[in-house]
Amino acid sequence: MMSEPFVNAKDVRLLARIAQLPLDPERESRLADLLSAWLPDANALSAKMAAPEFREVLPITLFAHPDHREEGQ
Amino acid sequence: MSTADDNDVLNLSLAAASRAVAIGEISPVDLVAAALRRLDEVNGELCAYIDVYAEQALQVARASESLIAAGHRLGALHGVPISLKDNIAVENQVTTAGSRILRDWRPAQDATVTQRLRSTGAIIVGKTNMHEFAWGGTSDNPHYGAVRNPWDSSRFPGGSSGGSGVAVATRTCFGALGTDTGGSVRLPSAINGIVGLRPTYGRVSNAGVIPLAWSMDTVGPMARTVEDCAILLQAVAGHDSRDPASASAAVQDYTADLNRGVKGLRIGVIPDYFFAHVQPQVGIAVQQAISLLTDAGATVVEVASRHVEGNISAQLTIEAAEPSTYHHEWLRQRPADYGDDVRLLLEAGELLLATQYLQAQRYRAVLRAEFVDALKRVDLFICPTLPFTATPVGDVLVEIEAGAPEDMLSAIMQFTGVPSLTGLPALSVPCGFDDHGLPIGMQLIGRPFDESLLLQVGAAYQAMTSFHLRRPGV
């Protein structure tokens, strides 16, 4: 028996509507296949990072501190 | 058509060509003319360049020749032909990033790295082909042609800086700049049999470079020898107020330690990750390289990693979400102007959750802490640059283990992801060939802002081997 894909074309349509991203119907199934390959691993990583040992971990994201002199301070 | 004399000149390393120009032994005009003849000879088949600055390069070469004759040498790259990946801005020259969307874009200003190359006397001969917007590892470009591997033109050259890799391997220039987000300098370096360096994140300015993923993007040198990469890095490294992510850490002297050898150095390996899922010939070549380094006085330390699994997913999430943010408007207004593969990846990046992106960014902090801590016990890590050798152009699946085809994009990121996510520097060095005559590369990963040590080890390895001296038959 075939298992249900993690993401199907209908899910993609909904997500694209929320993102206001126009998509041709033929692209929905291709995106569903791609996201079905990616998202289980992304969710597993999210679950790992939700463990208590990582509670204090901050994301590595760029927060630029401009040169104060350039800002005239 | 290039001549026998051209071959002699073009086989020189960048360092040797630079020295020859400095003492008046070779004219920059002869160097550029030879490079352009070679470029003309190979580019039709290999599609390595999008744009060639033949007239401008010769004009600059004549000025360069006059300066040398008058006793003025601008710097270490004076009179040396160099190529740039076409996502790096050159003032008033079309800079496409391998896309149709930017095919008419002429930047008003050079990228910082372009300025710095020019200020040390480099002569830019052209802009190299690439994976569209750097979002992919094959350089199979739908707008400017698929870049082809000079060791076997039916195979891919890696990417996204595939054109730069081919340009260097085929001796159409003495060095090139690529950009590396998830591996885009190191992959084409390994696959084309050359050396490529991903610097520490922030070491080299990204100002004037079309971004892929802001939190991972770097610009890196590609050349045939480690010494040449060191010279190129020296020219472009350093703080830049135009780039908010630019680091202010002091710039090392990258050529000072090239002859120090490897005696006493501790090489870290993670056997159950870095050698667990590789084509046999790739694994053997890298193990043999490590053995050679231990014969020369280094020691191997096995390291366990709790967190390296998961790095591919984190890369895919970040590399999908950040480009889709940058491309938001074009993806809605001009979707048909993208190649099919890049459009699909950009669309996918729109559909990820913010929490998945941020968890991936938190994971990076954990992975970085683990590697930085391990690098207190070892001096560097060594692993394959990628787990397989070049596959046929157009393939989207690869067999690392016989009978088990897998997704190319995930497979190609397997080992390059650790430096990309952690911001650590990494050097790819040629370390062998498979039974088809296709190059194999090993990756050296080091401490933040310690590119010198990687270059020292890479140079020691090249002094003991000759893989980097072979040239493709094309």
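In the range B:77-94, which residues are surrounded by fewer than 22 Cβ atoms within 10 Å (Cβ to Cβ), within 22 Å of residue B:12 (Cα to Cα) and either hydroxyl-bearing (Ser, Thr, Tyr) or out of contact with any Leu (no Cβ under 9 Å at 6 or more places or on another chain) (or both)?
Hits for the range B:77-94: nothing passes.
Determine whether residue B:396 is surrounded by fewer than 17 Cβ atoms within 10 Å (Cβ to Cβ), within 14 Å of chain A (Cβ to nearest Cβ) and under 26 Å from residue B:301 (Cα atoms).
Judged against the criteria, residue B:396 is not a match.
Looking for something crowded, with 20+ Cβ neighbours inside 10 Å, closer than 26 Å to residue B:251 by Cβ and more than 14 Å from every other protein chain (Cβ to nearest Cβ) - is there at least one such residue anywhere in the range B:407-417?
The answer is yes, given that some residue of the range B:407-417 is crowded, with 20+ Cβ neighbours inside 10 Å, closer than 26 Å to residue B:251 by Cβ and more than 14 Å from every other protein chain (Cβ to nearest Cβ).
Working only within the range B:44-56, note down all residues that are more than 12 Å from residue B:123 (Cβ to Cβ) and touching a helix residue (DSSP H, G or I) at 6+ places or on another chain (Cβ under 9 Å).
B:46, B:47, B:48, B:49, B:50, B:52
Within the range A:1-24, track down each residue that is open to solvent by 100 Å² or more (accessible area, probe 1.4 Å) and β-branched (Val, Ile, Thr).
Residue satisfying the conditions is A:18 alone.
Taking helices (runs of 4 or more DSSP H) that fall entirely within the range B:203-297, which contain at least 1 residues that are closer than 28 Å to residue B:18 by Cα?
By residue number, B:226-236.
Here are some conditions: (1) within 12 Å of another protein chain (Cβ to nearest Cβ); (2) aromatic (Phe, Trp, Tyr); (3) open to solvent by 10 Å² or more (accessible area, probe 1.4 Å). Residue B:363 meets all but one. Which one does it not meet?
(3)
Of all residues in the range B:98-150, which are of a type outside the set (A, V, I, L, M), within 17 Å of the chain's Cα centre (by Cα) and farther than 23 Å from residue B:320 by Cα?
B:114, B:126, B:127, B:128, B:148, B:149, B:150, listed by residue number.
Which residue pairs have Cβ atoms closer than 9 Å, lie 6 or more positions apart in sequence or on different chains, and pair a first residue in the range A:1-17 that is more than 13 Å from residue A:37 (Cβ to Cβ) and at pLDDT 95 or above with a second residue that is open to solvent by 50 Å² or more (accessible area, probe 1.4 Å) and assigned to a loop (DSSP other than H, G, I, E, B)?
Matching pairs, first to second residue: A:11/A:5; A:16/A:22.
Out of the residues in the range A:25-45 that are within 10 Å of another protein chain (Cβ to nearest Cβ), open to solvent by 20 Å² or more (accessible area, probe 1.4 Å) and of a type in the set (Gly, Ala, Ser), which is farthest from residue B:397 (Cα to Cα)?
Here the answer is A:44.
The values are calculated or read from the model by the stated rules, or taken from the named source; none is laboratory data. All figures in this text were calculated on a predicted structure; none of them were measured in a lab. Virtual Cβ from ideal backbone geometry, glycine too; neighbours counted across all protein chains shown. Remember, those area values only see protein heavy atoms, side chains included, never the ligands or the DNA or RNA. Shrake-Rupley method; radii C 1.70, N 1.55, O 1.52, S 1.80 Å.
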